[in-house]
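Reviewing the structure listed below.
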Amino acid sequence: MQLTYFILVFIAMGGLKVKSDPDPLQDYCVAQTQGSQTFFLNGAPCINPADASPSHFTTSALSKPGNTDANPLGFNVTLTTIRNLPGMNTLGLTMARVDIAGNGLVPPHTHPRASEVTILVKGSLLVGFVDTSNRLFTQQLREGEAFVFPKGLMHFLYNLDSKASALAISGLTSQNPGAQLASAATFTTKPNIPDEILKKAFQINGQDVTRIRRNLGG
Ligand SMILES: *[C@@H]1O[C@H](CO)[C@@H](O)[C@H](O)[C@H]1NC(C)=O
């Protein structure tokens, strides 16, 4: 009885295989992003393959630096999406351009649906992730070096140089990786997580909660 249950759970979990997005069933499925949505599905529908053109598979979205002054941490992440690169629909990948100002930080965050590999193109970065036993893996990257952040694990990127900006390019294993910032997901949610919860979770007082919320713009 118990064995049957275990086997059923095992099968339900896909035989414990690690999976990225489902494989496409056709060569490509250029995303239909125009017009109002009349039915909803997991992903975006395709345009008629006969209407596909090279421009659907091209984007200049990553050609310009993002504005690192737009937030107090000094970072900006520009992503390919099915809107700026409709040809990537169903292919299970995303690319990101990560600009980080001097001493700027991409704060601790996770991607619930993707692993990420990052190559440092310019500058000097301290990167790291934390595994589920709270072990920290960090590495100082030099130009041309790459680092991988396993799916779902908390990670960060910090520019060690106080003046020069850094540029990194990432590939992610989902067309919709999602990003959850540790700080925002606790202190600047809408509506607020009750103060009692944050006080207990972080072992701080009510004033600390108010101050952190205010500092984070929540
Ligand atoms: C990144 O820069 C764009 C403009 O280039 C801006 O609209 C956006 O808010 C910035 N993102 C962050 C996280 O600061």
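For residue 175, the test of being surrounded by fewer than 16 Cβ atoms within 10 Å (Cβ to Cβ), of a type outside the set (Lys, Arg) and touching a strand residue (DSSP E or B) at 6+ places or on another chain (Cβ under 7 Å) is failed. Looking at region 42-89, which of its residues are under 16 Å from residue 26 (Cα atoms) and aromatic (Phe, Trp, Tyr)? Selection gives 57 alone.
Residues that are without any contact (Cβ under 8 Å) to a residue 40 or more places away in the chain, within 23 Å of residue 216 (Cβ to Cβ), more than 16 Å from the chain's Cα centre (by Cα) and surrounded by 13 or more Cβ atoms within 10 Å (Cβ to Cβ) do occur in region 117-127.
Checking the stated criteria, residue 62 turns out to be in the same structural domain as residue 168 (by TED's automatic domain parsing), crowded, with 16+ Cβ neighbours inside 10 Å, under 17 Å from the mean Cα position of the chain (by Cα) and within 16 Å of the ligand (Cβ to nearest atom). Scanning region 47-91 for residues that are more than 19 Å from residue 118 (Cβ to Cβ) and touching a strand residue (DSSP E or B) at 6+ places or on another chain (Cβ under 7 Å) gives 67, 70, 82, 86, 89. Across region 81-105, the qualifying residues are those that are of a type in the set (S, T, N, Q) and crowded, with 20+ Cβ neighbours inside 10 Å, and the one among them that is nearest to the ligand (Cβ to nearest atom) is 94.
Could you please let me know if residue 174 is of a type in the set (Ser, Thr, Tyr), in contact with a His (Cβ under 8 Å, 6 or more places away or on another chain) and modelled with pLDDT of 95 or more? Spelling it out, residue 174 is indeed of a type in the set (Ser, Thr, Tyr), in contact with a His (Cβ under 8 Å, 6 or more places away or on another chain) and modelled with pLDDT of 95 or more.
The values are calculated or read from the model by the stated rules, or taken from the named source; none is laboratory data. No experiment lies behind these values; they were computed from the predicted model shown. Here Cβ is always computed from backbone atoms with ideal geometry, including for glycine, and neighbour counts include all displayed protein chains.
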